[in-house]
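So the structure is just underneath, and the comments pick up after that.
What follows is calculated from the coordinates using simple rules that are stated; it is not laboratory data. These figures come from a predicted structure and were not determined experimentally. We place every Cβ from the backbone using ideal geometry, glycine too, and count neighbours over all the protein chains shown.
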Amino acid sequence: MTIEDRDEASVVTHALARDELSNLRDVETEQVAFRKGLVRLGRICGYEIIDGRMETEYVSIQTPLTDTMGERVKGLDDVVIVNVLRAATPFVEGLLKAFPRARQGVISASRDEEAGMTEDGSFPITVDYVKLPEIRPEDTVIVADPMLATGSTMEAVLEEILSGPEPEDLIVLSAVAAPPGLVRLNEAFPDVELLTVSIDEKLDDDGYIVPGLGDAGDRAFRTT
Ligand code: URA
């Protein structure tokens with residue numbers, strides 16, 4: 001099993017995930033390599049979610065030679081992936097390789113960088129687009145955002161998702177998470193699983209994760 005349960009979050013510890021994250025952190029990794037790295041990391045995390053969080057069942061199979069027993073993953077048709085625009089787009093592309101039949105939602109939520117971080121360590125958040133598929137009680141919902149910093153954006157996103165019926169499993173998946181964001185979400189949503197590849201040290205005064213990897217959206221979309 002390469003998901004470890006820690007106090008603040010569950011951590012994907014697969015060696016390839018750590019390898020991909022090191023490439024993403026490297027300031028020398030340029031846009032195309034960065035975007036492809038996020039895709040690969042999304043795929044690895046998807047496989048780890050299947051291995052660590054989903055059940056399998058035994059089924060009888062007819063091979064060209066004989067009857068035998070095989071194993072299938074249960075619930076692959078009951079997966080919803082929510083793309084938190086925009087940095088999650090390549091991350092979601094990778095997740096979809098593990099969950100090709102997932103239903104998809106999109107939420108555009110962004111923090112007001114100009115307003116700056118408030119004293120309680122949050123940002124004002126604007127949610128300007130929400131399009132979610134029907135979420136059913138038996139669903140596993142994976143909300144993807146590579147960077148979980150203050151947790152303010154994700155708090156707004158989860159409020160949107162939980163304004164409807166609650167799914168059986170709700171997982172917030174990030175590549176890098178900072179302790180203040182994990183504390184905020186654990187307090188506000190104790191039943192939501194926080195899954196990440198790395199719990200980093202801290203946030204800087206502008207709300208960026210340190211050591212982090214910089215602005216994931218800008219690096220993936222080359223907008224600086
Ligand atoms: N968003 C990013 O892209 N990077 C951070 O460090 C924090 C939020």
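For Cα pairs less than 8 Å apart in space and 6+ apart in sequence, what is the mean separation divided by the residue count of segment 65-106, i.e. the relative contact order in percent?
On the way: 30 pairs, mean separation 21.0, N = 42.
About 50 percent, as a whole number.
Shown here is the pair-distance distribution of segment 67-145: with all Cα-Cα distances grouped in 5 Å bins from zero up to the longest one, the shares run 3, 13, 19, 18, 15, 11, 9, 6, 3, 1, 1, 1, 0 percent. Database remark: amide H of I142 closer than 5 angstrom to the amide H of V80, I81, V82, I171 (H placed geometrically; neighbours at sequence offset of 5 or more, or on other chains; Pro and chain starts carry no H).
Helix 152-161 and the longest principal axis of the Cα set of the chain meet at an angle near 40°. Pairs of Lys residues in the chain are counted when their Cα atoms are under 27 angstrom apart and they lie 8 or more places apart or on different chains; the count is 6. Between G70, G46, G164, the Gaussian network model of the chain with springs among Cα atoms under 10 angstrom shows the greatest mean-square fluctuation at G70.
Computed over the Cα atoms of the chain, what is the ratio Rg over Rh, Rh following Kirkwood?
Working: Rg = 17.8 Å, Rh = 18.0 Å.
On the Cα set of the chain, Rg over Rh gives 0.99.
The value for segment 95-224 of Rg(Cα) / (2.2 N^0.38 Å) is 1.05.
Relative contact order of segment 46-201, taken over Cα pairs closer than 8 Å and 6 or more residues apart, is 19 percent.
Based on the mean of other beta carbon atoms within 10 Å per residue, what is the order of 181-193, 94-106, most packed first?
94-106, 181-193
Return the percentage of antiparallel bridges among DSSP beta bridges fully within segment 1-140, rounded to the nearest 5 %. Antiparallel: roughly 70 percent of the beta bridges in segment 1-140. Label sites at V59 and E159, each approximated as a point 7 angstrom past Cα along Cα to Cβ, lie 4.2 nm apart.
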